[in-house]
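Working notes, beginning with the structure itself.
The values are calculated or read from the model by the stated rules, or taken from the named source; none is laboratory data. The shown structure was predicted, so the numbers you read here are calculated from the model rather than taken from an experiment. No Cβ is skipped: glycine too gets one built from the backbone with ideal geometry, and neighbour counts run over all protein chains shown.
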Amino acid sequence: MKKITILILLVFLGKAVMAGPLQAKADAAYNAGKYKDAVVLYKKAALDGENRAICYFNCANAYFQLDSLPQCVVYYKAALNFAPDFFRGHLNLAIVYFTLEDIGECIASLSRALELKPDDDKALLIQAVCFRKAGAIPDAVVAFERLAAQYPDKDESYIALAEMYRDLDDNETAIAWLMKYPDAGENEIYVDYMLSDMYEQDNNFERALYYVKRTLEKEPQNRSLYYRICILLEKTGNDLVALEEARKGIELFPDFGDLAVFGGNIAVKYEKLDVAQRLYTIADQAGNPYGIVGLENVRKMRLGRVASEE
């Protein structure tokens, strides 16, 4: 399962205002992917007095494309010297600090950006993530709750809040946030897996089983989910159903040694020795060391049966 990631793009301003001749050439070089040429041209344009804030801003963007982050900081700040109320300048500067993992400077830049545009979704999201990275969980919770209230269709907030409350051992609140997850969210698989995990922690195995089965519907090739379903079935007291599910899983994934051992152990528990032998053999062939141990136990049990019959 993969945690949600945040992708935030820098904003390029190419025709925001009437461009001078050098800026126009720089914009063309930037759009053609010739970032080194763009840097040279933007600097010349700025020195010639052409839209200095925009030229330095786009020069910083070009440096970002060249992975020259310290230079990005220099030129975003240069742009802001000429346009201190330039929202995109503060936001892009914050993104660079975020990329550099300089959380303190990132939060400072975001504070200025949010003074200019208090409801910008990108700025609010980065701010919330920064609070969380800094370990300021109460501030992060407030920030993500604000984001969820203002932008209910964005899914990042619900997952982040659920993860934080789960880490605080408050599964009830974490589950409540996941239940609000928007239908159009792109991380439904991760949400279902989290719900399954937290319900299992709360010993609500039936609900845990329900959500792991939902996860399996979306990820039928994720063989670890078959094992998890079998474990949960065993925890609900449905051993023989778990055994049948293990056998189905082995049909799909013949080299799944762990699942074969699991099924073999249940088969032994109910003295289904032929079934156990087949499953342990599969496990042994898959390289699972417990396969040979299981086969030896089956052999001893058979010998015990013979001895008791004599």
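Quick check, is Tyr280 over 26 Å from the mean Cα position of the chain (by Cα), part of a helix (DSSP H, G or I) and modelled with pLDDT of 95 or more?
Details: over 26 Å from the mean Cα position of the chain (by Cα): yes; part of a helix (DSSP H, G or I): yes; modelled with pLDDT of 95 or more: yes.
Answer is yes for this residue.
Of all the listed residues (Glu188, Glu271, Glu206, Glu219), the sole one being acidic (Asp, Glu) and modelled with pLDDT of 95 or more is Glu206. The set of residues in region 252-275 being within 39 Å of the chain's Cα centre (by Cα) and assigned to a helix (DSSP H, G or I) consists of Leu252, Gly257, Asp258, Leu259, Ala260, Val261, Phe262, Gly263, Gly264, Asn265, Ile266, Ala267. Can you confirm whether region 24-33 contains a residue that is in contact with a Cys (Cβ under 6 Å, 6 or more places away or on another chain) and surrounded by 18 or more Cβ atoms within 10 Å (Cβ to Cβ)? There is no residue in region 24-33 that is in contact with a Cys (Cβ under 6 Å, 6 or more places away or on another chain) and surrounded by 18 or more Cβ atoms within 10 Å (Cβ to Cβ). Scanning region 23-62 for residues that are within 33 Å of the chain's Cα centre (by Cα) and under 21 Å from Leu93 (Cβ atoms) yields a total of 8. In the condition set (1) in contact with a Lys or Arg (Cβ under 6 Å, 6 or more places away or on another chain); (2) under 21 Å from Glu186 (Cβ atoms), Leu161 is compliant with all but (1). Every condition in (1) touching a helix residue (DSSP H, G or I) at 6+ places or on another chain (Cβ under 6 Å); (2) hydrophobic (A, V, I, L, M, F, W, C); (3) at pLDDT 95 or above; (4) surrounded by fewer than 20 Cβ atoms within 10 Å (Cβ to Cβ) is met by Leu240 except one, and the failing one is (1). The helices (runs of 4 or more DSSP H) found wholly in region 18-131 and carrying at least 2 residues that are among the small types (Gly, Ala, Ser) and closer than 30 Å to Arg146 by Cα occupy 87-99, 103-116. Kindly establish whether Ile250 is in contact with an Asp or Glu (Cβ under 8 Å, 6 or more places away or on another chain), β-branched (Val, Ile, Thr), buried (at least 19 other Cβ atoms within 10 Å of the Cβ) and over 30 Å from Tyr158 (Cβ atoms). Spelling it out, it is not the case that Ile250 is in contact with an Asp or Glu (Cβ under 8 Å, 6 or more places away or on another chain), β-branched (Val, Ile, Thr), buried (at least 19 other Cβ atoms within 10 Å of the Cβ) and over 30 Å from Tyr158 (Cβ atoms).
For Leu161, the test of being surrounded by 14 or more Cβ atoms within 10 Å (Cβ to Cβ), within 16 Å of the chain's Cα centre (by Cα) and closer than 30 Å to Cys106 by Cβ is passed. Among residues of region 98-109 that are farther than 11 Å from Ala123 by Cβ, none has a Cβ under 6 angstrom from a residue that is modelled with pLDDT of 95 or more and not in a helix (DSSP H, G or I) at a sequence gap of 6+ or on a separate chain.
Quick check, is Glu206 part of a helix (DSSP H, G or I), surrounded by fewer than 18 Cβ atoms within 10 Å (Cβ to Cβ), out of contact with any helix residue (DSSP H, G or I) (no Cβ under 9 Å at 6 or more places or on another chain) and of a type outside the set (Lys, Arg)? Answer is no for this residue.
Does Ile95 count as among the hydrophobic types (A, V, I, L, M, F, W, C), within 30 Å of Lys43 (Cα to Cα) and in contact (Cβ under 8 Å) with a residue 40 or more places away in the chain?
Values: among the hydrophobic types (A, V, I, L, M, F, W, C): yes; within 30 Å of Lys43 (Cα to Cα): yes; in contact (Cβ under 8 Å) with a residue 40 or more places away in the chain: yes.
The answer is yes for Ile95.
The residue that is surrounded by the fewest Cβ atoms within 10 Å (Cβ to Cβ), among those in region 164-193 that are in contact (Cβ under 8 Å) with a residue 60 or more places away in the chain and either part of a helix (DSSP H, G or I) or among the acidic types (Asp, Glu) (or both), is Ile189.
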